[in-house]
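Take a look at the structure below.
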Amino acid sequence: MVDKKLSGAGLRGQSAGETKLCTVGKSGSGLTYCGYDVKDLADNATFEEVAYLLFNGELPNEAQLAAYKKQLMAQRDLPQALKQVLQLIPADTHPMDVMRTGCSFLGNLEPEVDFTQQHQAANRLLAAFPAIMCYWYRYSHDGVEIDCVTDEDSIGGHFLKLLRGETPSEQHRRVMDVSLILYAEHEFNASTFTARVCASTLSDMYSCITGAIGSLRGPLHGGANEAAMDMIQKFTSPEDAKIQMAGMLERKEKIMGFGHAIYRESDPRNVIIKAWSEKLAHEFGDTSLYDISVACEEYMWDTKKLFCNADFFHASAYHFMGIPTKLFTPIFVCSRLTGWAAHVMEQRNNNRIIRPSADYVGSEPRVVTPISQR
Ligand SMILES: CC(=O)SCCNC(=O)CCNC(=O)[C@H](O)C(C)(C)COP(=O)(O)OP(=O)(O)OC[C@H]1O[C@@H](n2cnc3c(N)ncnc32)[C@H](O)[C@@H]1OP(=O)(O)O
Ligand SMILES: O=C([O-])CC(=O)C(=O)O
């Protein structure tokens, strides 16, 4: 068992560099991308505008946005060789592993030859990720070879149409847009830091993003939305949720979707996605999962002063839209790719290899005993 104190306690509270992209919890709770409050962006922008902002530092005007969306739509299809690889991946593979392989394999086919191609590589991944996820999912689960191109001009709508094979409602398009905005960027979180460390060695964009996917996969980070869904589905009522959570806390189990490394009072993304979850629960025609989620939120606050992070109400919101639980974290990838790539570009812009030191806590110097005498 590693002693938390000796392990440096997760580098908490230490600055590991500068960024112009994002502030997290500066006044205890807020979140801004390039100076814009996340709520302002969620209320008044689309995900493509946020992607443009993160990649270029400014929001696009109408003409720039139209050109950008057109460019992304033109890059959605997957190379045949990638489709063949996706067909070989078994149905019981975790979709995050599929995303990792898909990203890495696309990097084999269309490498970022030098850093002048960094925007091209980032936009290609942004355009292709929904198809990588849905092509594999529909092929392995339904035996269907989907067309990776749709007429949906937003990434959120495109994803829903690929997944369901039918045109999504305006409300579902908007929820996807908001969700992708909320997940887009979050300063030096674990997966973004992974991407920056990789970038600092002057590695290529695909390697940085592949590594970041691996970091996001874990249940203490992006994997929490899926883990939260698995948990709330086991609760039969708000009362049952409270009883079961008491047992989990007693057993010192982590409650997924709660707590945060930086925020101390609340996660500003929660109130936004929670409101959408409530709306979707009514549309779904059964609010029980939403009611259970609210009971969890109240219980965790009352007993532990722990609040919902971005992942908790995403679970029920995605569920009400009929999205399979296994795809929750891959959707996070489709969004956070923008933050990761923006950080890779920022790191490259003013690079020094990231190489911290460790406090040595091992044996005193000693000599090798001949093997016959050990
Ligand atoms: C998009 C995202 O990635 S958001 C994060 C998603 N992850 C999760 O939801 C997983 C559940 N949450 C957690 O594991 C943690 O809260 C993390 C990983 C997010 C943050 O970890 P830390 O920075 O170490 O948390 P923090 O220092 O605030 O923990 C304080 C105490 O609360 C406990 N705690 C924190 N979160 C939880 C939780 N979800 N359930 C139970 N106890 C918790 C910790 O175990 C710790 O107790 P201790 O002092 O007895 O060891
Ligand atoms: O910042 C973090 O540590 C985790 C998080 O909320 C995110 O990456 O969105």
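The values are calculated or read from the model by the stated rules, or taken from the named source; none is laboratory data. Keep in mind that this is a model prediction, so the values were computed, not measured. Note that we place each Cβ from the backbone using ideal geometry, even for glycine, and neighbour counts take in every protein chain shown. With ligands, DNA and RNA removed, areas are computed over all heavy atoms of the protein, side chains included. Shrake-Rupley method; radii C 1.70, N 1.55, O 1.52, S 1.80 Å.
Being within 20 Å of Val98 (Cβ to Cβ) and either more than 16 Å from ligand 1 (Cβ to nearest atom) or surrounded by fewer than 19 Cβ atoms within 10 Å (Cβ to Cβ) (or both) is true for just one of Gly157, Gly143. Which residue is that?
Gly143
Residues checked against (1) crowded, with 22+ Cβ neighbours inside 10 Å; (2) within 12 Å of ligand 1 (Cβ to nearest atom); (3) under 15 Å from Ser179 (Cα atoms):
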position: Lys304; (1), (2), (3): no, yes, no
position: His314; (1), (2), (3): yes, yes, yes
position: Phe320; (1), (2), (3): yes, no, yes
position: Phe328; (1), (2), (3): yes, yes, yes
position: Phe332; (1), (2), (3): yes, yes, yes
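Selection of first residues in region 260-283 that are on the phi > 0 side of the Ramachandran plot and of second residues that are more than 10 Å from ligand 2 (Cβ to nearest atom) and among the acidic types (Asp, Glu), restricted to Cβ pairs under 7 Å at least 6 apart or on distinct chains, gives an empty result. On the stretch given as region 197-219, residues that are out of contact with any Cys (no Cβ under 7 Å at 6 or more places or on another chain) and within 16 Å of ligand 1 (Cβ to nearest atom) total 7.
Against the conditions (1) over 19 Å from Val175 (Cα atoms); (2) surrounded by 13 or more Cβ atoms within 10 Å (Cβ to Cβ); (3) at pLDDT 90 or above; (4) among the small types (Gly, Ala, Ser), Ser15 satisfies every one except (2).
In region 141-160, the residues that are of a type in the set (D, E, K, R) form Cβ pairs under 7 Å with partners that are open to solvent by less than 20 Å² (accessible area, probe 1.4 Å), at six or more places apart or across chains, as follows: Glu152/His158. Which of the residues belonging to region 255-271 are open to solvent by 50 Å² or more (accessible area, probe 1.4 Å), part of a loop (DSSP other than H, G, I, E, B) and more than 8 Å from ligand 2 (Cβ to nearest atom)? Listed by number, the residues that qualify are Arg264, Glu265. Search region 239-254 for residues being open to solvent by 70 Å² or more (accessible area, probe 1.4 Å) and touching a residue at least 24 places away in the same chain (Cβ under 8 Å), and hand back the single one that is nearest to the chain's Cα centre (by Cα). Result: Lys254. If you go through region 300-314 and keep only what is without any contact (Cβ under 8 Å) to a residue 12 or more places away in the chain and assigned to a helix (DSSP H, G or I), you end up with Trp301, Asp302. Screening Ser191, Ser215, Ser207 for residues that are assigned by the TED database to the domain that holds Val333 and away from ligand 2 (no atom under 16 Å from the Cβ) leaves exactly one candidate, Ser207.
Among what's in region 241-273 and is basic (Lys, Arg) and closer than 23 Å to Gly218 by Cα, pick the residue that is modelled with the lowest pLDDT. Even if it seems obvious, please write down each step before you answer.
Initially, region 241-273 is screened for residues basic (Lys, Arg), giving 242, 251-252, 254, 264, 269.
Now narrow it down to the ones that are closer than 23 Å to Gly218 by Cα: 251-252, 254, 264, 269.
Details: Arg251: 98, Lys252: 97, Lys254: 96, Arg264: 90, Arg269: 98.
Looking at residues that are basic (Lys, Arg) and closer than 23 Å to Gly218 by Cα, I get Arg264.
A residue that is surrounded by 13 or more Cβ atoms within 10 Å (Cβ to Cβ), of a type in the set (Lys, Arg) and in contact with a helix residue (DSSP H, G or I) (Cβ under 6 Å, 6 or more places away or on another chain) occurs somewhere in region 214-223. Screening Glu278, Glu297, Glu283 for residues that are in a helix (DSSP H, G or I), open to solvent by 30 Å² or more (accessible area, probe 1.4 Å), in the same structural domain as Ala241 (by the TED database) and within 14 Å of ligand 1 (Cβ to nearest atom) leaves exactly one candidate, Glu297. Please verify whether Ser372 is among the hydroxyl-bearing types (Ser, Thr, Tyr), open to solvent by 10 Å² or more (accessible area, probe 1.4 Å) and under 22 Å from the mean Cα position of the chain (by Cα), treating the condition exactly as stated. Judged against the criteria, Ser372 is not a match.
Search region 181-197 for residues being farther than 14 Å from Thr23 by Cβ and among the hydroxyl-bearing types (Ser, Thr, Tyr), and hand back the single one that is most open to solvent (accessible area, probe 1.4 Å). Selected residue: Thr194.
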